1. How many residues does the stretch 127-151 hold that are surrounded by fewer than 23 Cβ atoms within 10 Å (Cβ to Cβ), assigned to a helix (DSSP H, G or I) and touching a residue at least 60 places away in the same chain (Cβ under 8 Å)?
2. Kindly indicate whether any position in the stretch 36-47 is in a helix (DSSP H, G or I), under 15 Å from the mean Cα position of the chain (by Cα) and surrounded by 16 or more Cβ atoms within 10 Å (Cβ to Cβ).
3. Which of the residues that make up the stretch 236-255 are part of a loop (DSSP other than H, G, I, E, B), away from ligand 1 (no atom under 16 Å from the Cβ) and in contact with a helix residue (DSSP H, G or I) (Cβ under 8 Å, 6 or more places away or on another chain)?
4. In the stretch 129-159, what residues are more than 16 Å from ligand 1 (Cβ to nearest atom) and in contact with a strand residue (DSSP E or B) (Cβ under 7 Å, 6 or more places away or on another chain)?
5. Only one residue in 210, 228 is surrounded by 18 or more Cβ atoms within 10 Å (Cβ to Cβ) and modelled with pLDDT of 95 or more. Which one?
6. Report whether or not residue 102 is more than 16 Å from residue 286 (Cα to Cα), within 13 Å of ligand 1 (Cβ to nearest atom), surrounded by 23 or more Cβ atoms within 10 Å (Cβ to Cβ) and touching a residue at least 60 places away in the same chain (Cβ under 8 Å).
7. I'm checking my understanding of the structure. Among residues of the stretch 55-96 that are buried (at least 22 other Cβ atoms within 10 Å of the Cβ), away from ligand 1 (no atom under 15 Å from the Cβ) and assigned to a loop (DSSP other than H, G, I, E, B), which one is nearest to the chain's Cα centre (by Cα)?
8. It is to be established whether one or more residues within the stretch 38-49 are away from ligand 1 (no atom under 16 Å from the Cβ) and either in contact with a strand residue (DSSP E or B) (Cβ under 9 Å, 6 or more places away or on another chain) or at pLDDT 95 or above (or both).
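The values are calculated or read from the model by the stated rules, or taken from the named source; none is laboratory data. Keep in mind that what you see is a predicted model, and the values were worked out from it rather than measured. Please note: Cβ atoms are built from the backbone with ideal geometry, for glycine as well, and neighbour counts cover all protein chains shown.
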Ligand SMILES: [Zn+2]
Ligand SMILES: [Zn+2]
């Protein structure tokens, strides 16, 4: 067995002390705690638990457990107050944004740190969830960890005894926990009791929600009793009883915003190292649970942003110093440092330093790189980036077609004061294309070349307000769309989608273009590594991301609903898809019921290309090298990365400032399901899914 960080430190410490003549009696300081349980009562407000002066719904927690532990009276979820974020935050010690039903959490978990550092097998870590797979992903998308240290995991479903449907479902969760305590003797256990939240959403009468709390309170008591009755766990186990989020202060049905009721939640800690019968009023946050659990286990949480809640410890030992003590952790910390750079500046500087103008030929890739540099110049204000792009345009500009196409395509992205100088040249290239409809770049497949020329003419029509350019653009695009399309999720497929996305940006209301884009988009989304993430090839990923951004900026994805509700606004393009086109999009046979296929398609695009999209964009950052190259650093990938990269931004809370009017101190109007959207500060471009960030399903 390999030496773990902990063992090495211990051995080293012992050796030093022995050589100093202090004898062999010395042992590394450690807590009595050897096992940790984090146990969640889903979606219950502080005002319904410890904040209720009568404590009528939590007799076990109040009368039996509280005197044995430490109660935090100012414990908050300051992130996005829905189930998946709450649990992801509890287990990672970082604010998380993954929506229900969507992308994985983005940072490593307590399971990762524990298994990596101790060498423990998977069955020593268990996540038992009463809610469905939409509510939690047991491992993250963080590259160095990914699924290497995943825990054992079960989640609720209609055919499982543990589920969120009723009080029996919660009892099923407890049974499952007791079961694995006997069979696997896990050391890190994460449990979700889901019925309380389900009852809150569904109940007509608040009494049903209150009864669910009371039921769960009893189960918490039984779990603690079972731990104390088991020789493996007795007096060596610390339990964190908590919530993922609360519910609106004014209306218990819903949750998901920044009101006091949604954010103020319970934290009761019990265990052999915890002060008994104490109350802590200092503010504590949901990100603090994982670092505190790690402290008690004597392991490190190098990437967690929370703190160790020493207030509840009888004798704090400062074991969790957030150091990277394993190879995986060291790689992770290095990667996190690289990923925290100003990416547009970093990637732009890579081009300035490593890619001379004459190395980048006049082709589609060159055009995209020059456009990427213009975007980076616009965003960062870095004059060198603008100079590079203009230098490249100058080196390759000509009024001929198709030779002048790449430089002319780049010219259209110049800042207005420069565009005035170059527009006549771009128009000359457009006129040459009008005069010679068969003139096409020779190096590309026919369809790609025709799409590229069509996109250029479409962009020129917007810049120069020329009807003739628009007509010619549409003629070329229509011609191209009649040709067979490449396989999705390949490089050719991604280039095709990128051009279709640009075409849809030029002509958002043109049915043929929109349909071709939606079909190609759906085919490529099906090839994602997993729901709400990226594709296996980083170049394919960045091209697809830009294709989604371009089209959604023009509103093409509007009307595709995450919840295909009756009230969802119609998408005329979606409605126009024929049964054959729907079959092509979904990779299946012609549907007997096209409406059902339409719904499937709408949901696929809504969840992966809108709702989860900010996470997909965020994950791009892990493909940027120390030098600043995205993936292979070719002109195409570097250029499209410069076009596509967005600094991740929060809807509210977490590590970011709260938008005006939504600060926690402010009373937020909280109606049933009251979504807090549309208060974003204006952004450079409409981010698909931004409005729904964290709002897939209100659970
Ligand atoms: Zn929840
Ligand atoms: Zn609320």
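1. 1
2. Filtering the stretch 36-47 for residues in a helix (DSSP H, G or I) gives 46-47.
Filter once more, keeping what is under 15 Å from the mean Cα position of the chain (by Cα): none.
Within the stretch 36-47 (the criterion being in a helix (DSSP H, G or I), under 15 Å from the mean Cα position of the chain (by Cα) and surrounded by 16 or more Cβ atoms within 10 Å (Cβ to Cβ)), the answer is no, since none of the residues qualifies.
3. 249, 250
4. Initially, the stretch 129-159 is screened for residues more than 16 Å from ligand 1 (Cβ to nearest atom), giving 138-154, 157-159.
Listed by number, the residues that qualify are 138, 151, 152, 153, 154.
5. Values: 228 fails: surrounded by 18 or more Cβ atoms within 10 Å (Cβ to Cβ).
Of 210, 228, the one residue that is surrounded by 18 or more Cβ atoms within 10 Å (Cβ to Cβ) and modelled with pLDDT of 95 or more is 210.
6. no
7. Top of the filtered list is 95.
8. Pass one, the stretch 38-49, residues away from ligand 1 (no atom under 16 Å from the Cβ): 47.
Applying the additional criterion that residues be either in contact with a strand residue (DSSP E or B) (Cβ under 9 Å, 6 or more places away or on another chain) or at pLDDT 95 or above (or both) yields 47.
Checked against the condition, which is being away from ligand 1 (no atom under 16 Å from the Cβ) and either in contact with a strand residue (DSSP E or B) (Cβ under 9 Å, 6 or more places away or on another chain) or at pLDDT 95 or above (or both), the stretch 38-49 yields at least one hit.
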